[in-house]
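Inspection log for the structure reproduced underneath, given as structure tokens.
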Amino acid sequence: MLAPIFAFPYLSSLRRIRHLIHHLIFVSVLLPFPVLAMCKAPLALQVLGSGGPIADDARASSGYLLWVNGKSRLLIDAGGGTALRFGEANGKFEDLEAVLLTHLHADHSAELPALLKSSYFSKRKTPLPILGPSGNKGWPSTEEFIHGLFNSQTGIYRYLDGFMDGSDGMFKLEPKSADATSREIHKLHTSEDITIYGVGVQHGPVPAIGYVIEINGKRIAFSGDQNNHNPAFTQLIKDADLLVMTQAIPENAGEIAQKLHATPSHIGKMAQEGKVQQLLLSHFMQRSLRVLDENKKLIQTHYKGKLAIAEDLACYDLL
């Protein structure tokens, strides 16, 4: 425990000054000032979280921020730790055009309430679209998810029910579900410069959506979590400038894991068939990090484009 500097009355004045200097240097090492890591390129993707659901990888769980001309325009997924990373990235809620959720596993969505609570102190007044998957017997739709959080009568965080109607100084949330059972590509959102497409992908029994964002002539794709059987997603990502792909399991993962996630060889085949310009691997756990070099080689056996490894707060320029 650090003792207050003036708790040393026996020190001479000179020694007390020296001790103060040493004390301040020690504290500055232990308690560094926050470092903001905003992307400065005209168009860039910033990784907020490159980890998975297990607290064994020293990474935040899944989350990404798309920067356009210095503004944080889209948030993709909001897993554990992304609220801290959003602040470190100097993201602004008033600049967000939409939030995209690939699916509702906790490591992709659990931090959304914390982020929205933080947004109460922002200048945002306009509604915020929340895009995500439809539901099934075991999973809520995106609308049900938001209502389950903030409904004034039964919501888990019912004290924030102003997000349901834009009252109490909050802005209104506009949840919208995409059909996770459909293998047809749908336009989910459009504005002056951004168009978002989505298609249902297979993630075991969990409803999930893969996305492509088109902006300024560039196409950025997000696989979310999916297994090896999604030809519609391969069609969606054709000629993408960047594909962010989950690399959660090794090649020899068990049957259950392979029903949830793509193996390295399939990732390489998908990226090559889709003719993506750059592949960004993310959503790591120790089981994939331990054999990362081996997994990369398997991917590059099939994929001949640029390959990068995601790190929290890293920026990837797209222009």
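The values are calculated or read from the model by the stated rules, or taken from the named source; none is laboratory data. Predicted model, so just to flag it, every value in this text is computed and none were measured. Glycine gets a Cβ as well: all are built from the backbone with ideal geometry, and neighbour counts include every protein chain shown.
Given the options 78, 114, name the one that is under 10 Å from the mean Cα position of the chain (by Cα), modelled with pLDDT of 95 or more and either surrounded by fewer than 22 Cβ atoms within 10 Å (Cβ to Cβ) or farther than 21 Å from residue 308 by Cα (or both). Break it down stepwise before answering.
Working: 114 fails: under 10 Å from the mean Cα position of the chain (by Cα).
On inspection, the qualifying residue turns out to be 78.
Which residue pairs have Cβ atoms closer than 6 Å, lie 6 or more positions apart in sequence or on different chains, and pair a first residue in region 216-231 that is at pLDDT 95 or above with a second residue that is aromatic (Phe, Trp, Tyr)? Within 6 Å, the pairs are 222/211.
If you go through region 161-170 and keep only what is crowded, with 19+ Cβ neighbours inside 10 Å and assigned to a loop (DSSP other than H, G, I, E, B), you end up with just 170. Looking at region 111-140 only, could you name the residues that are of a type in the set (D, E, K, R), outside any helix (DSSP H, G or I) and touching a helix residue (DSSP H, G or I) at 6+ places or on another chain (Cβ under 7 Å)? Result: 111, 123, 124. Every condition in (1) buried (at least 16 other Cβ atoms within 10 Å of the Cβ); (2) closer than 19 Å to residue 280 by Cβ holds for residue 173 except the one numbered (2).
Of all residues in region 141-160 being among the small types (Gly, Ala, Ser) and assigned to a loop (DSSP other than H, G, I, E, B), which is surrounded by the most Cβ atoms within 10 Å (Cβ to Cβ)? Give the steps one after another, and end with the answer.
So the first thing to find is which residues in region 141-160 are among the small types (Gly, Ala, Ser), and the list is 141, 148, 152, 155.
The next check asks that each one be assigned to a loop (DSSP other than H, G, I, E, B); those that pass are 141, 152, 155.
On the way: 141: 21, 152: 14, 155: 18.
Step by step, filter region 141-160, then rank; the result is 141.
Please work out which residue is farthest from the chain's Cα centre (by Cα), limiting yourself to region 177-207 and to residues that are among the hydrophobic types (A, V, I, L, M, F, W, C) and closer than 18 Å to residue 274 by Cβ. Among them, the one singled out is 185.
Pairing residues of region 143-167 that are over 17 Å from residue 78 (Cβ atoms) with residues that are part of a helix (DSSP H, G or I) and basic (Lys, Arg), at Cβ distances under 9 Å and at least 6 apart in sequence or on separate chains, gives 151/158; 152/158.
Counting residues that are among the hydroxyl-bearing types (Ser, Thr, Tyr) and surrounded by 16 or more Cβ atoms within 10 Å (Cβ to Cβ), which helices (runs of 4 or more DSSP H) fully inside region 179-288 reach at least 2? Spell out how you get there, then give the answer.
Working: elements: 231-236, 255-260, 264-273.
Of the helices (runs of 4 or more DSSP H) lying wholly inside region 179-288, none has at least 2 residues that are among the hydroxyl-bearing types (Ser, Thr, Tyr) and surrounded by 16 or more Cβ atoms within 10 Å (Cβ to Cβ).
When the criteria are applied in full, residue 176 fails the requirement of being assigned to a strand (DSSP E or B) and without any contact (Cβ under 8 Å) to a residue 12 or more places away in the chain. Against the test of being closer than 24 Å to residue 197 by Cα and free of Cβ contacts under 8 Å to residues at least 60 places away in the same chain, the options 131, 66, 48, 112 yield a single qualifying residue, 112.
Scan region 35-61 for residues that are in a loop (DSSP other than H, G, I, E, B), farther than 15 Å from residue 114 by Cβ and of a type outside the set (Lys, Arg) and the total you get is 15.
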